[in-house]
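Below: one structure, written as structure tokens.
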Amino acid sequence: MAHIADSSERRFQDYLDQLAHALGHADRHEPLRAYLTGLCLPGERKSIEPMAARVDPKRVCARHQSMHHFVANAAWEDAAVLCMARDLVLDAMERHGAVAAWIVDDTGMPKKGSHSVGVARQYCGALGKQENCQVAVSVTLANEAVSVPAAYRLYLPEVWAKDAKRRRAAGVPPEVVFLTKWQIALQQIDALRREELPPAPVVADAGYGVVTAFRDGLTSRSIPYMVGVSEETTVWPPGVEPLPPLRWSGRGRPPTRIRRTARRRPLSVQALALRLPPRALRTLSWRQGTRGSMRSRFASVRVRPAHRDQNRHEPRAVEWLLIEWPRGEAAPTKYWLSSMPANTPLPTMVRLAKLRWRIERDYEELKDQFGLDHYEGRGWRGFHHHGSLCIAAYAFLAAERARLFPPEPLSFLRSARVPRGFRPRGAAGAA
């Protein structure tokens, strides 16, 4: 092997060696190196054929076949790649502090047609509306400086889960059944906890936070959380409790369920926020953005979540309600429920709630720089293989950023000269 002078290049080669070892079979080592290199090289499209042309321009067809078989058909475990990527970033993260949060989120990838695994008309966050797309659920380990997705799985809509013909065509494993996104997230959290990763509160947006079963699942696992909720979410305000069960009359079964009446009812979080005195709001900064310090006004109140608690035998535990009310707005814009300890300072809760920006940046770079949404195959295995390899490539970038500041990662990678007139199939102007 030629002498590797640059330390970043040396670390990249060492990283590829570790990943190759994790995949086991020697036949997978070379296509792994080609695929990871293709993902890291500059280029507008990170589907297989354009990457093959950049990595090996003299043997595009052979390289394309090798890389396609590796990602679409070879039976290697995504978990091994994600574990290696995660550990690389966690080692670098230590310089910047402990893991601050496990961020649960999902990302949509617009897709045409109906044959690609999991594609359906559903909400696509990338477009902000219902559209034909695939959706993947992830759990990211993060602190203020560094983050990396540690779990990644396709959400399989119910119409797909019940369609045996489409499942067979896309290679969906028999053990994969329909699960909601929050159920997938809890499964991922359980798997990561079994690996004894550094514990941290779970952070999620309102898409997960409004699901009481998701919050209850975290509580039953003794995992603190900071999750967004909608303005219609109901809570018992401070000093107001649900009524105890009715006194037994001596006939029938003794009443056991707590009660509410027309005059004693919970409030929506918006109604509660509008009742707060102005002095309850504090202006706080949570991080430096591209336009300077990011600031807003916040308030925190101790409340009891009230969702359908008239069917319970005892009230829910007291939690924090965090409210963001920017100056100049007629009403609050965001709400969170949190099971953080009662003595948690308001600035700590604000920073935790706002840490979700890390996963938004992760998804942006995973798509724009590493082609997370560029995979053109239709199968379950290929979708997850491509996703885990994109995360592995991104993990190296994240680790380099954490190690070197200001960073100049991946500058050692150079594209080979693409043959004149080459156009990947499907590209504009292709023959």
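The values are calculated or read from the model by the stated rules, or taken from the named source; none is laboratory data. These numbers were taken from a predicted model, which means no experiment stands behind them. Glycine gets a Cβ as well: all are built from the backbone with ideal geometry, and neighbour counts include every protein chain shown.
See the values below:
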| item | result |
| --- | --- |
| Strands (runs of 3 or more DSSP E) within segment 128-210 that include 3 or more residues out of contact with any helix residue (DSSP H, G or I) (no Cβ under 6 Å at 6 or more places or on another chain) and within 26 Å of Ala100 (Cα to Cα) | 129-142 |
| In segment 19-58, residue modelled with the lowest pLDDT [restricted to those that are in a helix (DSSP H, G or I) and surrounded by fewer than 15 Cβ atoms within 10 Å (Cβ to Cβ)] | Ala26 |
| Subset of segment 25-47 [of a type outside the set (Gly, Ala, Ser) and farther than 19 Å from Ala399 by Cβ] | His25, Asp27, Arg28, His29, Glu30, Pro31, Pro42, Glu44, Arg45, Lys46 |
| Only one of Ala431, Ala393, Ala331 that is surrounded by fewer than 20 Cβ atoms within 10 Å (Cβ to Cβ), of a type in the set (A, V, I, L, M, F, W, C) and modelled with pLDDT of 95 or more | Ala331 |
| Residue within segment 68-77 that is buried (at least 17 other Cβ atoms within 10 Å of the Cβ), touching a helix residue (DSSP H, G or I) at 6+ places or on another chain (Cβ under 8 Å), closer than 30 Å to Arg358 by Cα and not β-branched (Val, Ile, Thr) present | yes |
| Some residue of segment 245-263 being under 18 Å from Met349 (Cα atoms) and of a type in the set (Val, Ile, Thr) | no |
| Filter result for Thr212 (modelled with pLDDT of 95 or more, surrounded by fewer than 19 Cβ atoms within 10 Å (Cβ to Cβ), among the β-branched types (Val, Ile, Thr) and not assigned by TED's automatic domain parsing to the domain that holds Thr333) | yes |
| Search result, residues across segment 169-204 that are touching a His at 6+ places or on another chain (Cβ under 8 Å) and either surrounded by 19 or more Cβ atoms within 10 Å (Cβ to Cβ) or closer than 26 Å to Gly125 by Cβ (or both) | Ala170 |
| Count - residues of segment 343-352 that are surrounded by fewer than 22 Cβ atoms within 10 Å (Cβ to Cβ) and within 19 Å of the chain's Cα centre (by Cα) | 1 |
| Residue ID - farthest from the chain's Cα centre (by Cα), chosen from residues in segment 245-266 that are among the polar types (S, T, N, Q) and over 15 Å from Ala306 (Cβ atoms) | Ser249 |
| Filtered residues of segment 312-345 (kept if over 20 Å from Gly217 (Cβ atoms), part of a loop (DSSP other than H, G, I, E, B) and β-branched (Val, Ile, Thr)) | Thr333, Thr344 |
| Tally of residues being crowded, with 19+ Cβ neighbours inside 10 Å and over 27 Å from the mean Cα position of the chain (by Cα) across segment 300-322 | 5 |
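Residue-wise test of (1) free of Cβ contacts under 8 Å to residues at least 12 places away in the same chain; (2) in the same structural domain as Val99 (by TED's automatic domain parsing); (3) under 22 Å from Leu372 (Cα atoms).
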{"position": "Lys129", "(1), (2), (3)": "yes, yes, yes"}
{"position": "Leu154", "(1), (2), (3)": "no, yes, yes"}
{"position": "Val159", "(1), (2), (3)": "no, yes, no"}
{"position": "Ala185", "(1), (2), (3)": "no, yes, yes"}
